[in-house]
Amino acid sequence: MRKIYLFVLFFEGFIFFLNVNVCAQSNIAKDGFKIHVDSDGKFTTFEDTNRIIYNNISPRDSENKIVSVRSIKVKFNEDRKNIEKDIFNDGQRNQIKKYKPFAIVYICSETKKIIALSFVFRNINESDMGEINTVQLAQYRDRLKNELEVTELSFERKVAKHGVVKQSFKVFF
């Protein structure tokens, strides 16, 4: 029994060591975002770190096949422009608009609750990326998560095992 206990401790330590090394090599989390740039440099994603918890867990049917979403309807309880104006000044908003950003909302298929919200910017260069205030972007993310309401979520087949679905929409337009 003691050998098994020591083995489990060793294994957990090894996994922890691997996770530390992986995190050290990947992009650093900043204000609840991990920043990723695609290989072409065309898209920069400020990924909500909560999304990582639910990584690629799609709803599935009784045969364990992925069930596609038939429709998603999201209601904005407040005007997105007003939320932007509450958090960002005109100069910041104009700077961000240049990159035609959009948001990706991650929704729990069982509860219809938004569990994460990430932002994607197009063709943003490294110096301009540094001018995006991630504290303000996190405030914007949190306001959107709190003020968006998923009113409809239907699937092509019956869901046996719930997961996460995505919806995207424009921001700063």
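The values are calculated or read from the model by the stated rules, or taken from the named source; none is laboratory data. No experiment lies behind these values; they were computed from the predicted model shown. All Cβ positions, glycine included, derive from the backbone under ideal geometry; neighbour counts span all protein chains shown. Only protein heavy atoms, including side chains, enter the accessible area calculation; ligands, DNA and RNA are left aside. Shrake-Rupley method; radii C 1.70, N 1.55, O 1.52, S 1.80 Å.
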Return a yes/no flag: does the range 99-121 have any residue that is open to solvent by 70 Å² or more (accessible area, probe 1.4 Å) and outside any loop (DSSP other than H, G, I, E, B).
no
Taking residue 145, is it open to solvent by 20 Å² or more (accessible area, probe 1.4 Å) and either closer than 16 Å to residue 80 by Cβ or in contact with a Pro (Cβ under 8 Å, 6 or more places away or on another chain) (or both)?
yes
List every residue pair whose Cβ atoms sit under 9 Å apart, with the two residues 6 or more apart in sequence or on different chains, where the first one lies in the range 43-55 and is open to solvent by less than 60 Å² (accessible area, probe 1.4 Å) and the second, anywhere, is at pLDDT below 90 and of a type in the set (Lys, Arg).
46/30
Starting from residues that are within 19 Å of the chain's Cα centre (by Cα) and open to solvent by 30 Å² or more (accessible area, probe 1.4 Å), keep the ones in the range 56-67 and report whichever is nearest to residue 153 (Cα to Cα).
58
Could you tell me whether residue 72 is closer than 27 Å to residue 42 by Cα and either at pLDDT 95 or above or not charged (D, E, K, R) (or both)?
no
